[in-house]
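Shown next, in structure tokens, is the structure this report addresses.
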Amino acid sequence: MRTTVAIIGAGPAGLLLARLLHRAGVDCVVLEARDRAYVERRQRAGMLEQGAADVLRECGAGDRLDREGLVHRGFELRFEGEAHRVDLPSLTGGRTVTLYPQTEVVKDLIALQLADGPPLLFGARVVAVEKTDGEQPLIRFVTEEPDGTDRTDGTDGTDGAEGPSGPAGPAGPERTLECEYVAGCDGSYGASRRALPPGAVRMHARTYPYSWLGILADVAPSSDELLLAGHERGFALHSMRTPALSRLYIQVPNGTSPGDWPDDRIWDELDVRLAAGGWRLQRGPVLTKSVSGLRSQVIEPMRHGRLLLAGDAAHIVPPSAAKGLNLAFGDVVTMARAFTHWHRSGSTSLIDRYSDNCLRRVWQAQAFSHEMTTLLHTPPGADAYDRAMQLTRLRRLTGPTAAAAELAENYAGAPLI
Ligand code: APR
């Protein structure tokens, strides 16, 4: 097999890149280790910045998003028993965010690609990415028949933490794909990271001293907007998956098992941490319960030779500011623009600037996600001084200040096109 750009991974990054390149007339192929059902069922992020939603619309993948997505014009920060609403349009010149599950984004992009191209091979697990220093990188992959095992790991995977894409079933013969460039969109455990020679990149990493216990509950949300609570007992988040399903999280110590928290204990803790005025949280049957860690990672540069990394393959952010999916989109818009420029002009100038152009946005999102995490979570051993620092910063962010505008700008994100 042969193509111009080999895309590894059919998550949001790989699928959007394929769509953008296909529309620009750049030949590409997507290789995805898992089967379609697994990829479409994987619960992950759920909030699109204005820029990400606009990219989906622009590339023809916005119809269901516009019909079913929940447009949010603000969110609340809650602390000291008070609710502080942050209005996005008035602080950002009109921008909003849209809640639309990542599973639905993936389904929409897969449906478009299967109908219109480019080739999308499921069950194609890349085992090696070679010759990225040369002119003709080589991808080695094996095709695996889904063995029917239900691999929904039930986790929300909010930080994208998914183990290595292990074999799905009996592996067929090894096949090869020749290409001119490789787009590593295969997440933080993929083959692309393994293809980076030792010393070729710097890895910045941070693991936070707490985790999130997340539940999906069969009850209508108790608020139309996201509620983020920075309680001294710990963080809590009220979100929603659909108008009938609530998604809620509480900070728990690292090493917590979902079994440590019976449903009633979770609801009681959510009541305490989200309390504000007379607001009441509606309870309902808990459908899924999972614990995931919070971590940050950045790989610099996001390129080695003819291998360019995007999305979770290049960086991980803690879920506190819902930046993972939006960062992945920003990377592939930049990458698609670079490959298209090269395809049409022969110039590699944008490819050569790809990593620097992405990293400015990546570090901005890292800084914002880090601030929202440390501001709203209570680390082990925190004392009254630490709490005073948090409250002082929270009061500035929710007052009529420039800090509030910066918060809204970071939350709503910058335009991508
Ligand atoms: N060969 C082929 N495909 C692979 C391989 C491999 N060796 N390793 C991993 N993959 C596939 C995975 O099965 C997955 O479908 O790559 C895809 C990577 O998708 P994501 O993990 O969703 O990463 P990305 O597209 O960058 O999207 C980032 O997902 O993890 C969340 O919070 C994160 O919302 C953000 C988004």
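FYI, it's all coordinate maths here, none of it is from the lab. It should be emphasised that the depicted structure is a prediction, and the values quoted were computed from it without experimental measurement. Here the Cβ is made from the backbone with ideal geometry for all residues, glycine too, and neighbour counts use every protein chain on show.
Quick notes on this one:
- In this calculation the C-beta distance from residue 242 to residue 133 is compared with R0 = 45 Å, giving a FRET efficiency of 0.45.
- Filtered chymotrypsin sites (Phe, Trp or Tyr not before Pro), region 213-282: DSSP coil and at most 16 other beta carbons within 10 Å: 279
- Antiparallel %, DSSP beta bridges [both residues in the chain], to 5: 75 percent
- If R0 is 35 Å, the Cβ-Cβ spacing of residue 396 and residue 206 corresponds to a FRET efficiency of close to 0.90.
- Within the chain, helix-based [θ] at 222 nm, where runs of 4 or more DSSP H residues each add -39,500 (n - 2.57), nearest 500: -10500 deg cm²/dmol
- Normalised by the number of residues in the chain, the mean separation of alpha-carbon contacts (under 8 Å, six or more apart) gives a relative contact order of 22 percent.
- Highest average packing first - 286-292, 195-201, 335-341, Cβ atoms within 10 Å: 335-341, 286-292, 195-201
- With at most 16 neighbouring Cβ atoms within 10 Å, loop GluC sites (Glu not before Pro) (DSSP) excluded, longest segment of the chain: 233-417
- Computed from backbone phi with θ = phi - 60° and the Karplus coefficients 6.51, -1.76 and 1.60, the 3J(HN,Hα) list for region 75-85 is 8, 10, 9, 10, 7, 6, x, 10, 9, 10, 8 Hz; x is used for glycine and proline.
- The chain: angle of helix 102-116 to the longest principal axis, Cα-based, in degrees nearest 10: 30 degrees
- For region 57-149, the alpha-carbon radius of gyration amounts to 1.72 times the rule-of-thumb value 2.2 N^0.38 Å expected for a compact globular protein.
- Remark on region 282-392: Rg and Dmax equal 18.7, 60 Å (Cα only).
- Bridgeable aspartates and glutamates around residue 131 (alpha carbons under 16 Å apart, same-chain partners fewer than 8 residues away excluded): 178, 180.
- Charge dipole (region 30-103, unit charges on Cβ, about Cα centre) - positive-most of 60, 97, 39: 39
- Coupling constants for region 383-394 follow from the phi torsions by the Karplus curve (6.51 cos²θ - 1.76 cosθ + 1.60, θ = phi - 60°), and in residue order they are 10, 4, 5, 4, 5, 5, 5, 4, 5, 4, 5, 4 Hz; glycine and proline get x.
- Over region 7-102, the ratio between the Cα radius of gyration and 2.2 N^0.38 Å evaluates to 1.35.
- Computed from backbone phi, the HN-Hα couplings of region 206-211 come to 8, 10, 7, x, 7, 10 Hz, rounded to whole numbers (Karplus: 6.51 cos²θ - 1.76 cosθ + 1.60, θ = phi - 60°; Gly and Pro given as x).
- Over the chain, the alpha carbon radius of gyration divided by the compact-protein estimate 2.2 N^0.38 Å works out to 0.98.
- Amide H contacts for residue 241 (H built 1.01 Å from N in the peptide plane; partners 5 or more residues away or on another chain; cut-off under 5 Å): 246, 247.
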